[in-house]
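Chemist: Handing you this structure, nothing more for now.
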């Protein structure tokens, strides 16, 4: 991704069909939350913004939080091909750390997505 690319360009659906909820870009130092998720509680929006921006501050590159077609939350990161400082291994370790430390938040986000976006009932989740 080029330095001048907008985060809105990655919004919507990823190449594999995931619905992208938010993205943080270390190159442009910007954060984007898809407007479809703007009605979430402010404290949740703040938490995912802090996590996303902290990830890019620590690892660089671009960080994405997205949902697959079954409602599972995916965390991913990638870098511009010219970014020689980006460390894929560290990024993977941080993602695993985030998954462990924020398990309850991520489970709540999955439940929210399944109910609001996939129209599943609470008994189906």
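Chemist: Between residue 87 and residue 29, how many nm apart are label points set 7 Å from Cα along the C-beta direction?
Modeler: Here the answer is 2.3 nm between the modelled labels.
Chemist: Something else: I need the calculated FRET efficiency for the pair residue 54 and residue 124, taking r as the beta carbon distance and R₀ as 30 Å, to the nearest 0.05. Write out the running numbers ahead of the final one.
Modeler: Details: r = 33 Å, r/R0 = 1.10.
Here the calculated transfer efficiency is 0.35.
Chemist: Now for a separate question. Once label points are set 7 Å from the Cα along Cα→Cβ at both residue 72 and residue 110, what is their separation, rounded to one decimal in nm?
Modeler: The modelled label-to-label distance comes out at 0.8 nm.
Chemist: Now for a different question. Using a Gaussian network model of the chain whose springs link C-alpha atoms within less than 10 Å, name the residue from 34, 42, 83 with the highest mean-square fluctuation.
Modeler: In this elastic network of the chain, the residue with the biggest mean-square fluctuation among 34, 42, 83 is 42.
Chemist: Could you give the distance between the Cα centres of segment 84-125 and segment 26-46, to the whole Å?
Modeler: Taking the Cα centre of each part, segment 84-125 and segment 26-46 sit 15 Å apart.
Chemist: Based on other C-beta atoms within 10 Å, arrange 90, 38 from fewest to most. Please list the in-between numbers first.
Modeler: Values: 90 13, 38 8.
Ascending number of Cβ neighbours within 10 Å: 38, 90.
Chemist: With springs only between Cα atoms under 10 Å, which of 50, 89, 62 fluctuates most in a Gaussian network model of the chain?
Modeler: 89
Chemist: Taking the chain as the reference, fit the longest principal axis to its C-alpha atoms, fit the long axis of helix 42-59 to the helix C-alpha atoms, and give the angle between the two in degrees, 0 to 90, nearest 10.
Modeler: In the chain, helix 42-59 runs at an angle near 30 degrees to the longest axis.
Chemist: Can you tell which of 31, 98, 84 shows the greatest fluctuation in a Gaussian network model of the chain with Cα springs below 10 Å?
Modeler: Looking only at 31, 98, 84, the biggest GNM fluctuation is shown by 84.
Chemist: Taking the structure as given and computing volume of the Cα convex hull per residue in Å³, which label from (1) 113; (2) 274; (3) 103 fits?
Modeler: Computed from these coordinates, volume of the Cα convex hull per residue in Å³ corresponds to label (3).
Chemist: Still on this model: Can you give me the orientation-averaged projected area of the convex hull built on the Cα atoms of segment 62-113, in nm²?
Modeler: It is 4.0 nm².
Chemist: Treat the count of other C-beta atoms within 10 Å as a stand-in for reagent exposure and order 117, 63, 106 from fewest to most.
Modeler: Values: 117 14, 63 28, 106 19.
Fewest-to-most Cβ neighbours within 10 Å comes out as 117, 106, 63.
We did not get these values from a lab; they are worked out from the coordinates using the rules stated. These figures come from a predicted structure and were not determined experimentally. For neighbour counting, all protein chains shown are included, and Cβ atoms are generated from backbone atoms with ideal geometry for every residue, glycine included.
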